């Protein structure tokens, strides 16, 4: 199965076509096909994971890249030819590995038992053996554009997360969007969304990655705007799409830079090997990494380009769950994780204490979390929470804690999906309102199942021991190297993330209070949701509890047996030529009991403070915002979301729209006058208009200069636009003649 | 081979075509002039093809096929313009004026 993962997106794409064309006449109006397809994919993903675990039982460096054909990656073929003579069939090895699972485990126990630092040594004996398959899509000159699959632990993990979340979202949706006008259309797009994300994560070439990236964007556009009859919804969809286009420029620039820097190859394996081995210049890698960070900022909702994410709540809630947990926003994180050598070398992550990725991540983690406090809409609280948690992941990648970031992606998928679906269940009960301040309250008695799953997931998100979020968040904090030995020494990041963790626990407590405690404030009789909603919630809550045990640290006061500890790291983190190695300064931070205790205390104290605030224990704080000028300013800034939307729509767009529109109008006036009434009249009119502008220039001074520049050049150029095609023809032929003359002159010179 | 004579003829045809495209007002005549340009290119291709092998002739066949399609589309456009404006004078078509 590891070499046939292309089946997964293929199945989902077929399901999309089937639902689109046959859905209305099929049983369940389309959801039967969708659920069957995604269910099959989940099974296949689990089989793939099983095979991968069986396969990952220790390989030598020499044979590690044997399953990477030369046409898919020239560098990998060079490496494996250089070290040994290609020992023929390795299919047998995989089979043996399967039977020898127990002995393989025993071997790694032996590794683990040699004291903790030495465990690192032991780990390097084992090399990841990725499976790459590719086909040439087309050739252009010397360059083959390939498309295919590259399977390693990271991909297997993503396949599992995407298919499991997608399956649960499908089941949840059958109840949640029941009776919707575009029910069939909705399930068709869920299928396509899943297919795109699966296609994206198994990318073998950067071109395939870009295609998958854009497909995910298009699907999210269609699903956010599912109820497009309401203007805000279609606006939100457009905003999501356009904001993502801004970052896509960065993606293209980054990928093109990588293409040329790596000697004209699109193969991700090649790029990674070359970047890790230092065959690409530092400057090129830095340029590529910075450009790609712009893409990550828009796709993964990092600060200043995050504004589309809260608005994307306009889509149906299960879609939000899918976007926030498994598809779309994690695409940015995944892209960094996949091309990690580029970022690791390009930003000099090892041994540093300051780089763009870490800064973007920590700023987002704090600012996103702060915004979670002032939202009335429960989905928006969760949206800002996602932004903040994505900030954690980006910061973790920025400080070199690769495994921690990916592990957090893994655990976050489960508890965030659970929270979103829980919010959906709440709104289902409260007559489709998401306003937790005005329409909810006291629901814990009415909706016990939703209540318990929501609280478990919220606690997991806040990082309460021993739920999943605790382990992954703690690993990120340890990875900053602020207290113990990490890849670098990122003190500032550690401080920022602790503040972020504090706020996270705070706003989650606030949302639990508003939704489930106090008096019911809505107008309709609430009720518990049906089993198609609560069963996915219970499954996700269970995963939110146990997912953290996938990567227990090697030592919590006592040494843990190695079949229990660091399993996630062992199976998911690549070891080999295509990933930063120990010689590049890539290490793992160890579990630090002190840090874990600090983060736990931080989370619990935040929850306690917020809880006592709502119980009325801090009367001095009630109404603080209306009394204290400083607090009022702070609250106003938060309620206006740091004025970023205002900056984008009023200042930037307004600047382009206002003066530019006026300038265009002016050009029109002037050109018409020039042709109709003659130059004299035109000049008089223009002079008149200039007078008006000077008058206005006094009012809006700085804008004037830019406007005049734009209109001046526009005026000059638009006079060439006579609309007479033959005049254009004359210019064309004259230009050609002049260029030919120059060419001849140069060639004969 | 007398390639020079072919090239000369082709150049003359090309110039006549360009003149027609730039000067004639009638849309149909402009399309015909474009045909002239394309055929002068064909002549060039075949002339060189005669010297270097069959590639040029194959290319000329492609050009002929594309030219046929182009004329089909072009005449359809001219027809529609005539229906709307009762004239095919290119000077009158300046809706795209800036």
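Remarks
- Look at (1) at pLDDT 80 or above; (2) within 51 Å of the chain's Cα centre (by Cα); (3) within 14 Å of chain B (Cβ to nearest Cβ) and you find that residue A:720 fails only one, number (1).
- Residue count for segment A:729-749 satisfying the condition of being at pLDDT below 85 and within 14 Å of chain B (Cβ to nearest Cβ): 0.
- When residues of segment B:12-36 are limited to those that are under 16 Å from residue A:737 (Cα atoms) and either away from chain A (no Cβ under 11 Å) or touching a helix residue (DSSP H, G or I) at 6+ places or on another chain (Cβ under 8 Å) (or both), the one surrounded by the most Cβ atoms within 10 Å (Cβ to Cβ): B:21
- Scanning segment B:82-98 for residues that are surrounded by 13 or more Cβ atoms within 10 Å (Cβ to Cβ), assigned to a helix (DSSP H, G or I) and either modelled with pLDDT of 90 or more or away from every other protein chain (no Cβ under 12 Å) (or both) yields one hit, B:82.
- Taken over segment B:47-81, the criterion of being more than 14 Å from every other protein chain (Cβ to nearest Cβ) and either assigned to a loop (DSSP other than H, G, I, E, B) or touching a residue at least 40 places away in the same chain (Cβ under 8 Å) (or both) is satisfied by B:47, B:48, B:50, B:51, B:53, B:54, B:71, B:75.
- Out of A:558, A:601, A:575, one residue alone is farther than 30 Å from residue A:506 by Cβ and without any contact (Cβ under 8 Å) to a residue 60 or more places away in the chain. It is A:558.
- Helices (runs of 4 or more DSSP H) contained entirely in segment A:418-511, each with at least 2 residues that are surrounded by 24 or more Cβ atoms within 10 Å (Cβ to Cβ) and touching a helix residue (DSSP H, G or I) at 6+ places or on another chain (Cβ under 6 Å): A:448-462, A:468-479
- Annotation note: of A:698, A:725, A:690, the sole residue that is within 10 Å of another protein chain (Cβ to nearest Cβ) and either in contact with a helix residue (DSSP H, G or I) (Cβ under 9 Å, 6 or more places away or on another chain) or modelled with pLDDT under 85 (or both) is A:725.
- Counting only helices (runs of 4 or more DSSP H) that sit completely within segment A:546-629, those holding 1 or more residues that are surrounded by 21 or more Cβ atoms within 10 Å (Cβ to Cβ) and modelled with pLDDT under 80 correspond to A:567-572.
- Meets criteria (modelled with pLDDT under 80 and on the phi < 0 side of the Ramachandran plot) for residue A:141: no
- Taking (1) free of Cβ contacts under 8 Å to residues at least 12 places away in the same chain; (2) more than 12 Å from chain A (Cβ to nearest Cβ) in turn, residue B:39 satisfies each apart from (1).
The values are calculated or read from the model by the stated rules, or taken from the named source; none is laboratory data. Here the structure is a predicted model, which is why all the values come from computation and not from measurement. Note that each Cβ is placed from the backbone with ideal geometry, even for glycine, and that neighbours are counted across all protein chains shown.
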